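S.K.: Structure provided below as structure tokens; questions to follow.
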Amino acid sequence: MSSESHGTKAILAAFGANLGIAIAKFVGFAVTGSGSMLAEAIHSVADTANQALLLLGGRKAQRVADASHPFGYSRERYFWAFVVAVVLFTMGGAFAFVEGINKVRHPHEVTDVGVAVAILVVAIVLEGLSFRTAFGEAKAIGGDADVKIWQFIRRSKSPEVPVVLLEDSAAMCGLVVALVALSLAHFTGAPIWDGIGTLVIGALLLCVATILAIEMKSLLIGEAASPARRDAIRAALLGCDDVLDVIHLRTEHLGPDDLLVAAKVEFDHELSYVELSHAIDRVERHVREAEPAARLLFIEPDVKRDPATATVPGTTGSRSDRRA
């Protein structure tokens with residue numbers, strides 16, 4: 001199953017959870033007037049909108065390649081995941097931070113704390129269920145039952161599940177902060193704690209949005225395949241008849257399941273032009289069998305040379321000398 005299929009399941013689970021939580025939190029804010037509750041409500045709205053953006057990106061990425069985009073639209077998924085980071089930063093983090101400053105400067109009593117606590121506890125449970133679904137998807141994509149969340153977020157080429165994991169982690173932490181802030185405001189009689197909690201939630205969301213933006217920027221620029229995938233491709237190349245050596249191998253993810261592979265390969269020097277053409281076709285089939293994501297594959301026949309002494313027949317001096 002592709003990373004897109006796994007990601008869609010995690011997105012839908014998060015979308016349903018965040019939509020219900022957002023409604024409950026707005027009700028809680030209307031009853032209590034808590035700034036922490038309002039910050040969490042806006043956070044949930046931002047998360048719900050973000051899930052919709054991820055679904056939009058997945059749909060747009062399915063468009064077939066055309067003359068204007070000959071390598072396809074797979075990077076749409078990375079672009080919309082970057083937009084998610086922007087939304088989380090502005091709509092979630094920045095709003096909560098500004099609201100927190102206002103609550104600290106002008107604190108007011110929080111009422112009906114019991115209602116707010118009940119909503120927050122239910123929200124923690126729902127976010128936990130969403131996180132469990134996303135974590136299960138991460139294990140399925142990574143193929144590792146002992147996958148580490150941070151390592152998965154850093155190494156994954158699929159944007160959706162890391163986004164959901166980061167959002168759910170931030171949401172659960174934010175809910176705990178809101179719960180502690182409301183409790184302190186109630187039991188100490190100092191409503192400023194509610195404002196402080198709102199500030200902490202804002203800072204948390206700003207940090208998560210920044211991490212997400214950095215990761216998506218790297219994918220948008222273009223990341224190489226994992227070492228394991230590169231090794232599999234190199235082994236597939238070397239495992240073909242008539243291949244003497246792999247001189248250069250370059251890879252780049254156009255999308256989670258779309259890998260661009262460019263290789264400079266040394267073939268048997270005795271092959272004729274026609275035989276070489278057939279050998280390249282066999283190499284391409286062999287590589288795609290070993291790594292199905294290698295949909296765009298370019299093989300360049302060449303001869304391995306010593307850079308210090310390499311010459312071209314009929315000329316004197318190295319390539320670098322002639323170019324100079």
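All of the numbers you see were taken from the coordinates with simple rules; none came from a lab. These numbers come from a predicted model, not from an experiment. Counting neighbours? That spans all protein chains shown, and the Cβs are built from the backbone with ideal geometry, glycine included.
S.K.: To the nearest whole percent, what portion of all C-alpha pairs in the chain is separated by more than 30 angstrom? Present the calculation step by step, with values, prior to reporting the outcome.
M.R.: Details: 25444 of 52326 pairs.
Taking all Cα-Cα pairs of the chain, the fraction more than 30 Å apart is 49 percent.
S.K.: Place a +1 charge on the Cβ of each Lys and Arg in the chain and a -1 charge on the Cβ of each Asp and Glu, then give the dipole magnitude about the Cα centre in debye, rounded to the nearest 20.
M.R.: It comes to approximately 560 debye.
S.K.: Across the chain, where is the longest run that never hits trypsin sites (Lys or Arg not before Pro) in a DSSP loop with at most 14 other C-beta atoms within 10 Å? Don't skip to the end; give the middle numbers.
M.R.: Numbers: sites that count: 63, 148, 304, 305.
So the longest stretch without any such site is 149-303.
S.K.: Toward the positive end of the charge dipole of the chain, about the Cα centre and with charges on Cβ (Lys, Arg +1; Asp, Glu -1), which of 56, 82, 280 goes farthest?
M.R.: 82
S.K.: If you don't mind, there's one more thing I want to ask. Mind checking which of 238, 260, 27 is farthest towards the positive end of the chain's charge dipole, using Cβ charges of +1 (Lys, Arg) and -1 (Asp, Glu) about the Cα centre?
M.R.: Going by the charge dipole, the pick is 27.
S.K.: For the pair residue 60 and residue 31, what calculated FRET efficiency results from E = 1/(1 + (r/R0)^6), where r is the Cβ-Cβ distance and R0 = 45 Å, to the nearest 0.05?
M.R.: Details: r = 40 Å, r/R0 = 0.89.
The computed FRET efficiency comes out at 0.65.
S.K.: Filter 217/264; 9/60; 9/157; 60/148 down to the pairs with a C-alpha to C-alpha distance above 24 Å, please. List each step's numbers first, then the result.
M.R.: Values: 217/264 28 Å; 9/60 17 Å; 9/157 17 Å; 60/148 30 Å.
Pairs exceeding the cut-off: 217/264; 60/148.
S.K.: Another question, then. Quick one: helix 113-142 against the long Cα principal axis of the chain, what's the angle to the nearest 10°, folded into 0 to 90?
M.R.: Roughly 10 degrees between the two axes.
S.K.: Between residue 23 and residue 262, what is the label-point separation in nm under the 7 Å Cα-to-beta-carbon projection?
M.R.: For residue 262 paired with residue 23, the spin-label model returns 5.2 nm.
S.K.: At R0 = 22 Å, how high is the FRET efficiency between residue 102 and residue 125 if r is their beta carbon distance? Nearest 0.05 is fine. All intermediate terms of the calculation are to be shown ahead of the outcome.
M.R.: Working: r = 30 Å, r/R0 = 1.36.
The value I calculate is 0.15.
S.K.: For the chain, what relative contact order do you get, as a whole percent, if you take Cα pairs closer than 8 Å and at least 6 residues apart? Mind dumping the intermediate values first?
M.R.: Values: 515 pairs, mean separation 63.0, N = 324.
Worked out over the chain, it gives 19 percent.
S.K.: Which order do the peptides 35-48, 201-214 take when ranked by the mean count of other beta-carbon atoms within 10 Å per residue, highest first?
M.R.: Working: 35-48: 27.7, 201-214: 20.2.
Descending packing order for the listed peptides: 35-48, 201-214.
S.K.: Can you give me the distance in nm between label points at residue 285 and residue 270, each placed 7 Å from the Cα along the Cα-to-Cβ direction?
M.R.: Calculated label separation equals 2.3 nm.
S.K.: Divide by every residue of the chain the summed helix terms, -39500 (n - 2.57) for each DSSP H run of at least 4, and state the resulting mean residue ellipticity at 222 nm, rounded to the nearest 500 deg cm²/dmol. Mind dumping the intermediate values first?
M.R.: Values: 11 runs with 210 residues, N = 324.
Dividing the helical sum by the residues of the chain leaves -22000 deg cm²/dmol.
S.K.: Roughly how tilted is helix 160-188, in degrees to the nearest 10 and between 0 and 90, from the longest Cα axis of the chain?
M.R.: With both axes taken from Cα atoms, the answer is about 20 degrees.
S.K.: Oh, and also: If one takes the longest principal axis of the Cα atoms in the chain, at what angle in degrees, from 0 to 90 and to the nearest 10, does the Cα axis of helix 273-290 lie?
M.R.: Relative to the chain, helix 273-290 is tipped by roughly 30 degrees.
S.K.: May I ask you to compute the full-extension gain from residue 296 to residue 132, defined as 0.36 nm times their residue separation minus their alpha-carbon distance, rounded to one decimal in nm? Can you show the working numbers first?
M.R.: Working: separation 164, 0.36 × 164 = 59.04 nm, distance 3.48 nm.
Using 0.36 nm per residue and subtracting the Cα-Cα distance, I get 55.6 nm.
S.K.: Then there is this: Within straight cross-link reach of residue 103, meaning Cα distance under 12 Å, which aspartates and glutamates are found once same-chain residues fewer than 8 apart are removed?
M.R.: By straight Cα distance, residue 103 reaches 194.
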